[in-house]
Amino acid sequence: MDTDIRYLELIEQDLRQVAARETLRGSAPPARYRFRMSWATFAAAAVPVLVVAGLIGWLVTGGVGSSNESGTAAREQGAARVPFTTAPGFATPSTVDEGALGASGATGAGGATFGNGSGSPQVVQQTGDVSKIIRDGSMSIQVARNDFSKGFASVTRIAENNGGFVLSSQTSGERAGTLTLRIPAKRFDDAMLSLRAIGTVQAQSVTGKDVTSQFIDLQARLRIAKSRRTVLLGLQSSATTLGDVLTIQRQLDDVQLQIEQIQGQLNFINDQVAEATIRVDLREKDAPAVQQGAVKNPSLGSAWDRSVQGFLNVVSAVVIGLGYLIPIGLLMLTLWLLTLAARRRRAAS
């Protein structure tokens, strides 16, 4: 009898322990659920932060402006001293001064001499107007209804009468279009006045870009390169070994390529200065304006490029915004910790 009672007490004790464990297990969530809850909390906190960071980055990039064009202000400082590597066996300095080049009688374009026989550089002032101005203009003209074809022909005729031509044209239906004209610079003002007589001028702008300093810099570089070519030709004529000849020939090829590149830039500037560009937006009354750069036949490749560009823009905006938020967040966290520590000290006292 005592054995049975003892056995029943042990069973009751085991049942109570099992019930206690089940109660504790039921009150605490599973480890996997707790893990999911932590990730959900982190995501819920991270999404607003990323959204705010993206907005800050978008505002910063939009307010400051993404175009920080500095132009071509950085000039080559090696114009006075031209890098030059001598061929083996020739006692020539590693750099050729303008005076040294002038000692051989090198003379640049326009009568500018690099140096005299004593090695001191001379500067010959150029006479006449050497200014180089690229002029561009644009005009938005509104004509009466059903007069678009007449106005289009008038614009073409004005370009021809002023010695120019229509570089490109684009039409939107039969009521609006855009023409790009190339007009000799000396007839630019006359062409602009003639265009005003076609219809009602809605907008007009004239801009000029001074490229004189760039043009003079290129001329100086061209003169130095030509003088360097003269020196190399003299060294080549006195070379005695095959290795010296090949070395000088390679340097001559590099100098000739540089001369052709500089000459091409000078020709381009002269062409832009000699002829001005006029953009004419022509449309009838109440006709929609021509949308520039509209894609008529979109391709999958261009769509992919635009999507990648958009993705990178969003990521860039978020990164820029985080650059502002992280220091602010650290500062706020420091202030909160200091406030919490002060409250605990007050409560303890």
Could you go through the range 196-205 in sequence order and give the Karplus-derived ³J(HN,Hα) for each residue, using 6.51 cos²θ - 1.76 cosθ + 1.60 with θ = phi - 60°, rounded to whole Hz, and x for Gly and Pro?
5, 7, 6, x, 8, 7, 8, 7, 8, 8
What number comes out for accessible area per residue over the range 216-291 if the probe is 1.4 Å? Units Å², please.
52
Take the eigenvalues of the Cα gyration tensor for the range 171-311, scale each by 5, and report the square roots as semi-axes in whole Å, largest first.
50, 25, 11
Tally up the carbon and sulfur contribution to the accessible surface of the range 213-275 as a whole percent, 1.4 Å probe, everything protein left in place.
55
Any residue on another chain or 5+ positions along whose placed amide H is under 5 Å from the amide H of ILE141 is listed here as GLN202, ASP281, LEU282, ARG283
Please list, in order, the residues from the range 200-242 whose amide nitrogen is less than 13 Å from a point placed 7 Å along the Cα→Cβ vector of GLN265.
212-225
For the range 169-186, just list the computed ³J(HN,Hα) in residue order, Karplus coefficients 6.51, -1.76 and 1.60, θ = phi - 60°, integers in Hz, with x standing in for Gly and Pro.
8, 8, 10, 10, x, 10, 10, 8, x, 9, 10, 10, 10, 10, 10, x, 4, 6
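The values are calculated or read from the model by the stated rules, or taken from the named source; none is laboratory data. Model, not experiment: these values are computed from the prediction. Here the Cβ is made from the backbone with ideal geometry for all residues, glycine too, and neighbour counts use every protein chain on show. To get the accessible areas, we keep the full protein, side chains included, count just its heavy atoms, and leave off ligands, DNA and RNA. Shrake-Rupley method; radii C 1.70, N 1.55, O 1.52, S 1.80 Å.
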